[in-house]
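For reference, the structure discussed in these notes is given below.
The values are calculated or read from the model by the stated rules, or taken from the named source; none is laboratory data. Values in this document were obtained by computation on a predicted structure and should not be read as measured data. As a convention, Cβ positions derive from the backbone with ideal geometry for all residues, glycine included, and neighbour counts pool all protein chains shown. SASA here: full protein model, heavy atoms, side chains in, ligands and nucleic acids out. Shrake-Rupley method; radii C 1.70, N 1.55, O 1.52, S 1.80 Å.
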Amino acid sequence: MLLSALLGALGGVSVHAQNVYSLNAVGYINVTMQPGYNIITCPLIASPDNTIATLLNNTNGQYQSGNRTVAEVFQFTGGAYTAEDTASAATTPSGWASGGTITMNPGQAVFFYNPTTTNMVATFVGTVPTGPITNALSPGYSLVGSVVPVSGDIVTNSISLFTNGASSGRTSDEIFTYAATGGYSENIFSSGAWSPSDPVLTNVYEGFFFFNAFSTTNNWIENYSVAQ
């Protein structure tokens, strides 16, 4: 799905007249977290920040259904899990046991664990980033997402243009998308293309694991402007 289609649905899109454009587009994204593990991202610039205390505020206890049945968020950077937080409305002002400091800045993704048998829903509100914007994908495994709200084939999409995979001999970059009910789907970069097919994101808030097989940063550059 092209970004313009999403923004049309958001209702917060800036309008133009006589070739004069506003500086930004503001909107919202409804995020559905299915039972089990989900990889989610926030391709909007939220206010005052993109921490889970802001994006997934739990002061009303909506991410828990009991003391032992609570949602969890896991951050993965530099090839390892680096932070974990657990929903606990009575513990902190944010409703997260460790303060809700884990970030979901545009381009970052996290694992969200929904321990219940029903969907959990959040609404992200913010400004759409404008580009060109570089998402620096470090060596090894990272949880990442598009820096702007796009879905579908992220290679052929004219905004996301994820064409910068790399391979050398038997060493190749890889992408792993994840479905809460179906495990991982793997795409390997080989001979200048992704195999068995281009990576596809079902939702604009879907993140994925990217494996940078080399020792240098892989720069994913996306480009969006309100004038598009």
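Structure data summary
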| quantity | calculated |
| --- | --- |
| Answer from 138, 146 - the residue that is open to solvent by less than 10 Å² (accessible area, probe 1.4 Å) and among the hydroxyl-bearing types (Ser, Thr, Tyr) | 146 |
| Residue ID - surrounded by the most Cβ atoms within 10 Å (Cβ to Cβ), chosen from residues in the range 101-130 that are more than 18 Å from residue 37 (Cα to Cα) and of a type outside the set (S, T, N, Q) | 128 |
| Options 153, 198: the member that is of a type in the set (D, E, K, R), touching a Pro at 6+ places or on another chain (Cβ under 8 Å) and either under 22 Å from residue 26 (Cα atoms) or open to solvent by 40 Å² or more (accessible area, probe 1.4 Å) (or both) | 153 |
| Qualifying residues in the range 193-228 (those that are under 17 Å from the mean Cα position of the chain (by Cα) and among the charged types (D, E, K, R)) - the one modelled with the lowest pLDDT | 222 |
| Condition met for residue 3 (open to solvent by less than 60 Å² (accessible area, probe 1.4 Å), among the hydrophobic types (A, V, I, L, M, F, W, C), closer than 30 Å to residue 213 by Cα and modelled with pLDDT under 75) | yes |
| Output for the range 37-74, where each listed residue is touching a residue at least 60 places away in the same chain (Cβ under 8 Å), surrounded by fewer than 20 Cβ atoms within 10 Å (Cβ to Cβ) and either within 21 Å of residue 210 (Cβ to Cβ) or under 13 Å from the mean Cα position of the chain (by Cα) (or both) | 37, 45 |
| The range 156-172, residues that are surrounded by 15 or more Cβ atoms within 10 Å (Cβ to Cβ) and at pLDDT below 95 | 157, 159, 160, 161, 162, 163, 165, 167 |
| Criterion: closer than 28 Å to residue 33 by Cβ and touching a helix residue (DSSP H, G or I) at 6+ places or on another chain (Cβ under 7 Å) - qualifying residue of 175, 159, 133 | 159 |
| Within the range 67-90, tally of residues that are small (Gly, Ala, Ser) and not in a strand (DSSP E or B) | 6 |
| Yes/no for residue 93 being open to solvent by 60 Å² or more (accessible area, probe 1.4 Å), modelled with pLDDT of 90 or more and either farther than 25 Å from residue 181 by Cα or part of a loop (DSSP other than H, G, I, E, B) (or both) | no |
| Wholly within the range 122-228, strands (runs of 3 or more DSSP E) carrying at least 1 residues that are under 30 Å from residue 57 (Cβ atoms) and in contact with a strand residue (DSSP E or B) (Cβ under 7 Å, 6 or more places away or on another chain) | 133-137, 140-144, 174-179, 183-190, 208-212, 218-222 |
